[in-house]
């Protein structure tokens, strides 16, 4: 209780001091054994991760996976049941105020004060961040410019479109030039043009800052993030760059072939003898070619089956209409990782 | 300090951007004006006693109407999440919001200064009790603001916050009028707990530290409990 009223004079390292901290090898965000229970429901279950300075990390997962809870803990809005969150080498729970000064958080629903004018709202946030003249004007101009808010400065927030509200939310996050940005579904509810705009903005910001964003749109994470963490049932089930995640699963890619003038049972019994193939299934046949069959062949591990399958086809003199290697898309990876059996 | 000021400024302005403050002030002036002046000429006395006698009761529903939105609305709209993730202490939020509603209480009392001015024009007004009455009104308004803020922190529903706040303020105002039902042994204790009793003391023109201490502790308890409920939300 007392600590609530008396807070220390912690200062977030800036400039050279920040570089020094990074040189010493501290991660920007270091999460260890993070667990959060709501009564007896476990929302986040022993999560560990490190995020380096300058990374754009996408937190992916189905609804209710624990994304928002994780982000809320990182912002200090929720207290974890157990586990620690360190920003550089500083415990978030011990220095909440100092860390909040260098952190920008945009909640999913962008709960802005509807009755305020855009200008008043930005000024309010800026003064709460302790900005004083002349930086105050500079920072406000900068945030307004980056987010393209100039034309709506004197409108009440309730009159803004969803896209402008989202931009205002981003401007409010950027106004104090934070080191860490935490964005909870920053593109939800926007039209495709606005989504592209916001993504571009995030990419731009992410050149210098550490950004964590949550989303359940995979293409978005692929387009914006350097790194993706897939979260499911409160735990991290995959972590890596979009490419590395794809590669991991590519090994289990499958081969689709379409043959003419062949019987499925015959083809199946013949191909099954080829080493490296462990499963063959029938796919729906193409309607316009009556005498054809389509198959999906799955191999073991990362064996390339194309050559051996082609050799078999040549030997049996089937007519090959189509052969394609099916690459796992992020969607499939996501589905595999997050679907209940 | 500057964060308290920013929060105070935002909240105070919000009262006047939305029609809340105007409505509440209008209703307050209508009610007090009517009850005061309807019997004023019958009594034929140059005093504001009737006005101040009624004040605890009018404040009991006027002030919770002002304070009900302070936190409940933020919880309801989710803007509390935005506020608390800014670098502000919970204490500053509470004090800023408290001062905002207290400022509206002051703004509400200023037009009533017309009453003593009119009365002093009509007759020989004793200014002592009037000044005492206004000082008492400030203390009373402060205490009720703190209690209203507390009830606003307990729920995300503004109506519930209002009703709860009114009930608490009414109970405190009426406590010293219900003393007939109270056993003699605890009579003094119960009387001391009533806000009406302390207010009337000050309104007589006597500034006693006991009364001032009572109101200050009421404000402190209200704000402290608010900070506890806010913390428990984390």
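Can you tell me which of (1) under 21 Å from the mean Cα position of the chain (by Cα); (2) closer than 28 Å to residue A:168 by Cα; (3) more than 11 Å from chain B (Cβ to nearest Cβ) is the one residue A:44 doesn't meet?
Here residue A:44 clears every test but (2).
Please give the number of the condition residue A:237 fails out of (1) surrounded by fewer than 18 Cβ atoms within 10 Å (Cβ to Cβ); (2) part of a strand (DSSP E or B); (3) modelled with pLDDT of 80 or more; (4) outside the structural domain of residue A:66 (by TED's automatic domain parsing).
The single condition residue A:237 does not satisfy is (4).
Residue by residue through region A:72-127, note down the ones that are more than 10 Å from chain B (Cβ to nearest Cβ), in contact with a strand residue (DSSP E or B) (Cβ under 9 Å, 6 or more places away or on another chain) and assigned to a loop (DSSP other than H, G, I, E, B).
A:80, A:81, A:88, A:89, A:92, A:93, A:95
Would you check which residues across region A:142-177 are surrounded by 21 or more Cβ atoms within 10 Å (Cβ to Cβ) and not in a helix (DSSP H, G or I) and list them?
A:149, A:175, A:176
Return a yes/no flag: does region A:140-149 have any residue that is in contact with a helix residue (DSSP H, G or I) (Cβ under 8 Å, 6 or more places away or on another chain), at the interface with chain B (Cβ under 8 Å from one of its Cβ atoms) and at pLDDT below 90.
Checking region A:140-149: not a single residue is in contact with a helix residue (DSSP H, G or I) (Cβ under 8 Å, 6 or more places away or on another chain), at the interface with chain B (Cβ under 8 Å from one of its Cβ atoms) and at pLDDT below 90.
Would you tally the residues in region A:1-47 being over 20 Å from residue A:103 (Cβ atoms) and modelled with pLDDT of 75 or more?
Residues meeting the conditions: 11.
Can you tell me how many residues in region B:217-234 are without any contact (Cβ under 8 Å) to a residue 40 or more places away in the chain and away from chain A (no Cβ under 14 Å)?
Going through region B:217-234 one residue at a time, the tally reaches 1.
Is there a residue being within 14 Å of chain A (Cβ to nearest Cβ) and either without any contact (Cβ under 8 Å) to a residue 60 or more places away in the chain or not in a helix (DSSP H, G or I) (or both) anywhere in region B:34-42? Let's see the steps before the verdict.
Pass one, region B:34-42, residues within 14 Å of chain A (Cβ to nearest Cβ): none.
The answer is no; no qualifying residue exists.
Any chance region B:38-54 includes a residue that's surrounded by fewer than 16 Cβ atoms within 10 Å (Cβ to Cβ) and closer than 23 Å to residue B:161 by Cβ?
no
For residues in region A:283-336 being closer than 30 Å to residue A:58 by Cα and surrounded by 17 or more Cβ atoms within 10 Å (Cβ to Cβ), which is modelled with the highest pLDDT?
First, pick out the residues of region A:283-336 that are closer than 30 Å to residue A:58 by Cα: A:301-302, A:325-336.
Restricting the remaining residues to those that are surrounded by 17 or more Cβ atoms within 10 Å (Cβ to Cβ) gives A:328, A:330, A:333-334.
Values: A:328: 65, A:330: 68, A:333: 71, A:334: 74.
Taking the candidates together, the pick is A:334.
Just to verify a result, which residue in region A:184-200, among those that are away from chain B (no Cβ under 12 Å) and outside any helix (DSSP H, G or I), is surrounded by the most Cβ atoms within 10 Å (Cβ to Cβ)?
Keep residues of region A:184-200 that are away from chain B (no Cβ under 12 Å), which gives A:185-200.
Remaining after also requiring outside any helix (DSSP H, G or I): A:185-191.
Working: A:185: 21, A:186: 26, A:187: 22, A:188: 17, A:189: 14, A:190: 19, A:191: 12.
Going through the qualifying residues, I end up with A:186.
The values are calculated or read from the model by the stated rules, or taken from the named source; none is laboratory data. None of these values were measured; they are calculated from a predicted model. Note that each Cβ is placed from the backbone with ideal geometry, even for glycine, and that neighbours are counted across all protein chains shown.
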